[in-house]
Amino acid sequence: MPVLKFDPKVSASAQEALEPHVRPMYDQPGGRRMAIIEFAHIERTEPAPNTEGKPSVKVRITGLELPNRDQEGAVREAQRFLHLQRTARGTFDDDGQLELSESTLRLTAGLLANIETARLRAGLEHWREYAQRLVHGPDLTVSEVRHEMQTLAEGLTAVLHTARDHNSED
């Protein structure tokens with residue numbers, strides 16, 4: 001896995017967005033600020049074969065916006081949702097129903113859209129891994145492939161029906 005390195009230089013527009021926050025950060029040791037950033041590829045380093053160096057990519061902050069106090073909640077909500085989208089996990093019970101993990105449920109904060117997003121994400125991840133195991137597993141006969149495809153189709157159908165069943169409870 002390549003190492004990510006940030007170039008200490010930032011674009012002029014990013015520097016301009018940071019300027020009003022320099023003094024408050026200086027005055028508040030340990031302070032934090034939310035930000036929405038855009039970064040761009042600057043340099044790629046690929047070590048020579050048979051050396052101990054790690055490949056790396058250097059990026060520079062090219063766009064940056066910092067929310068004011070009134071906007072910070074919306075940015076935190078977007079951050080929480082993106083984290084949920086990336087980390088949603090769950091398991092299937094004996095009836096084929098997807099049960100979200102406790103950590104995923106905590107991230108949803110009881111919001112139906114977030115719960116359904118997490119449920120669908122976790123279900124799709126499960127069946128993607130299942131398909132990957134089939135692709136990288138032993139050679140299968142045509143009838144075994146049909147059986148595995150049927151299992152995959154039924155699993156995906158169960159994920160979709162679970163989402164519909166939960167949506168219709170409203």
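Structure above, values below:
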quantity	calculated
Cα convex hull of the chain - mean projected area over all directions, nm²	16.6 nm²
For segment 94-164, alpha-carbon Rg over 2.2 N^0.38 Å	1.30
Projected-area mean, segment 42-99, by convex hull of Cα positions, square nanometres	8.9 nm²
Per-pair calculated FRET efficiency, R0 = 45 Å: LYS9 and ALA131 via Cβ, rounded to 0.05	0.55
Antiparallel DSSP beta bridges within segment 1-108, as percent of all bridges there, nearest 5	70 percent
Amide H contacts under 5 Å for GLU99, placed H, 5+ residues apart	THR91, PHE92, ASP93
Among ALA35, ALA88, ALA122, residue whose mean-square fluctuation peaks in a GNM of the chain (springs only between Cα atoms under 10 Å)	ALA35
Cα gyration tensor category, rounded, prolate or oblate, for segment 116-157 with a/c compared to 1.5	oblate
Length released on extending from GLU46 to GLU77, taking residue separation times 0.36 nm less the Cα-Cα span	7.4 nm
Cβ-Cβ FRET estimate between MET149 and LEU111, R0 fixed at 45 Å, reported to 0.05	0.85
Helix-only [θ]222 nm of the chain, DSSP H runs n ≥ 4, -39500 (n - 2.57) each, per residue, nearest 500	-18500 deg cm²/dmol
Karplus 3J(HN,Hα) series, Hz, for segment 96-101 with 6.51 cos²θ - 1.76 cosθ + 1.60 (x for Gly, Pro)	x, 8, 7, 10, 6, 5
Probe 1.4 Å - accessible area at ASP95, Å² to nearest ten	130 Å²
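The values are calculated or read from the model by the stated rules, or taken from the named source; none is laboratory data. Everything quoted here is computed from the prediction, not taken from an experiment. Ideal geometry is used to build each Cβ from the backbone, glycine not excepted, and the neighbour counts take in all protein chains shown. Protein only, heavy atoms only, side chains kept; ligands, DNA and RNA dropped before computing areas. Shrake-Rupley method; radii C 1.70, N 1.55, O 1.52, S 1.80 Å.
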